[in-house]
Every structure is written in C-alpha cells, then in structure tokens.
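Down below is the structure, laid out as structure tokens.
The values are calculated or read from the model by the stated rules, or taken from the named source; none is laboratory data. This is a predicted model, so every value here is computed, not measured. Here the Cβ positions follow ideal geometry from the backbone for every residue, glycine too, while neighbour counts run over all protein chains shown. SASA here: full protein model, heavy atoms, side chains in, ligands and nucleic acids out. Shrake-Rupley method; radii C 1.70, N 1.55, O 1.52, S 1.80 Å.
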Amino acid sequence: MSAVKSGVRRLLGRAGFDIVRSTDSRGGVDDFIPFEATIRAAQAAGLSVGDYIDEIMNGTPGTTQSTIEELRALDVFTADPKTVLEVGPGSGRYLEKTLKECSPGRYEIYETAQPWANYLVDTFGVVSQPTAGSSLAPTPDGSVDLVQAHKVFNTVTFLCASRYFFEMARVTRPGGRIVFDVMTETCLGPATVRTWATQGGTGHDSYPAAMPRRTCVDLFETLDCSLEASFLAQMGVASTEVLVFRKKP
Ligand SMILES: C[S@@+](CC[C@H](N)C(=O)[O-])C[C@H]1O[C@@H](n2cnc3c(N)ncnc32)[C@H](O)[C@@H]1O
C-alpha cells in the first residue's frame, strides 16, 4: 500500500467504513467519511469513490463487486428492472455498480446524509426522496422492480430496520425483488462472535446490529415475499448475509 493510501487510512481511523458514527445515532455516513475529504482522497488515489471505500477504507478490495456478481448470477439485473429504489446508498458504491448492470428509467434513493445524497443526484441522475425515520411514503405501492439496501440494516436499530422491511415490501411490485443484507445467526457462530468481541473495534450505538434470519424470512412471507436465495458478504471483521426476496406475481 502506498504512503498516501496508508496515511489516509490512518487518518480515517477505525477498522472499516461499516463502523459509522452519526449525530442522530442512525449511522449517518457523513460524520464518518466527510463528503469533500473522501471525494478528494479518492481522486488522489486514482480510484472511484466506491473502489476507494472498498480498497482503502475497508481494506477489502472487490467486496462490493462480489455482491454485485452474486446478484447478477441470480438474474436480479437481467430481470431488467425499470425502477430501482435504494435505502442508504451512502457514497453510491453499490448504486454505481448496479447502474453498470442494468438501465432503470428511475432510481430513487432514501439517504439521510444530505451531502452524499446531493452528490448521487448530480453524478448519477437519481431521485433523492425526503428521508425520515424508516418511511418510503413518497413512493407509491407496488411501483418498484428492485428495492435494495446494502450495509444499512447492520448499522441501524432493530425498529428502524423492521419498519423499513414493511415499507420495502409495500413499494415492491408483484414479481419484483427485494435485496438487503443483515447480520444473521448464519454470520454469528461462536468463533465469529469472539472475533467481533476482540477485534471489532469500538462500534457505536447500533453498530454492529444483528437481525435473526428466521425473523426476516417469516415476516416477508406474511408480506407475500418469498426468499429466493442468500449468500454471505464480507462486512467489518466478519460478514453479513444477503437475502434476496421475490414478491409473488
Ligand atoms: C454503513 S453506510 C452504507 C452505505 C452504502 N450502502 C455502502 O455500503 O457503502 C449506512 C448508510 O445508511 C444511511 N442511513 C442511516 N440511517 C438511515 C435511514 N434511516 N434511512 C436511510 N438511510 C440511512 C447512512 O447515512 C449511510 O449512508
């Protein structure tokens, strides 16, 4: 790693981007990776912001792309989503790669970190919706083909995540997909809990947050959404589990 890269990493402090701090304790990424400094540092490193976060801040090159490739193999993008909605896109590292896989006419984001939301609107032409709590109220029922959230529900409280789940199911059209990752029991064997406890850093209020897999599967089933697939994705010192649901046609 170059001196610039290691210096930036030292400056940024903690072990991973997934450890975030927010003035409202909801995981606002803007406090942890200030907008302008991050953009400048990515440019100085000659990387896109997303790749910069993977490689320099998290020290895990390719993690975002590997989730995208898993989703591609599951035909999430070849289903040709016309409308995509993403909760908590942050710097847009998944958004950018999603837009390389498909060409939705409309891409809505719900993001509490305003500087990053503005940047995503300017850079990718997405629609930033008013974001408050866990509401997707501006988005009509059954209007979205692909609803996604990455590395969000392991940084917010149980109530915030659960309330978003109901909303995500509501806005998804019949036949549409819902994709998000959570730190389930699959990711929390005894050895991994030990790793988190000893090497997981200081965390913050709600990070890292666990969410039972069964809770998600059973809840979404009551909302007419069936689990299609799941896989692990690297997160912090261990992993989250990405769940892929399909709303019944
Ligand atoms: C750990 S970051 C992940 C960002 C991005 N998805 C990624 O993987 O790089 C969590 C993101 O969720 C956003 N966030 C936190 N609370 C939120 C809420 N209630 N609604 C929408 N976004 C929220 C934060 O501002 C931040 O951008």
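Per residue, the solvent-accessible area of the chain (1.4 Å probe, heavy atoms of protein chains only, all protein chains present) comes to 43 Å². Using alpha carbons only, the radius of gyration of the chain set against its Kirkwood radius gives Rg/Rh = 0.94. Estimated from helices alone, the mean residue ellipticity of the chain at 222 nm is -11000 deg cm²/dmol (sum of -39500 (n - 2.57) over DSSP H runs with n ≥ 4, per residue). What is the distance in Å between the Cα centres of the stretch 228-248 and the stretch 77-112? Using only Cα atoms to place each centre, the spacing works out to 17 Å. Once both labels are positioned 7 Å from their Cα atoms along Cα-to-Cβ, the gap between S66 and A210 label points is 2.3 nm. Extending 7 Å from the Cα toward the beta-carbon at both A44 and D80 defines two label points whose distance is 4.5 nm. Note on the chain: dipole from Cβ charges, positive end direction compared against C216, T195, A132; the farthest Cα belongs to T195. Within the stretch 173-241, the proportion of C-alpha pairs whose separation exceeds 18 Å stands at 43%. Applying 1/(1 + (r/R0)^6) with R0 = 41 Å to the Cβ-Cβ distance of K248 and A37 gives a FRET efficiency near 0.35.
Within the chain, the whole DSSP H helices whose Cα atoms reach 18 Å or more along their own axis and whose mean Kyte-Doolittle score is at least 0.5 are 158-171. Taken over the chain, lysine pairs spaced eight or more positions apart, or on distinct chains, with alpha carbons under 22 Å apart number 7. For Q148, nonlocal amide neighbours, meaning residues 5 or more places apart or on other chains whose placed amide H falls under 5 Å from its own, are L85, E86, V87, V179. Selection among F153, P34, A229 by position relative to the dipole of the chain gives P34 as farthest towards the positive end (Cβ unit charges, Cα centre). Per-residue 3J(HN,Hα) values for the stretch 172-177, derived from phi via the Karplus relation 6.51 cos²θ - 1.76 cosθ + 1.60 with θ = phi - 60°, read 6, 6, x, x, x, 10 Hz in sequence order (x marks Gly and Pro). When the alpha-carbon atoms of the stretch 97-201 are used, the pair Rg, Dmax equals 15.9, 46 angstrom.
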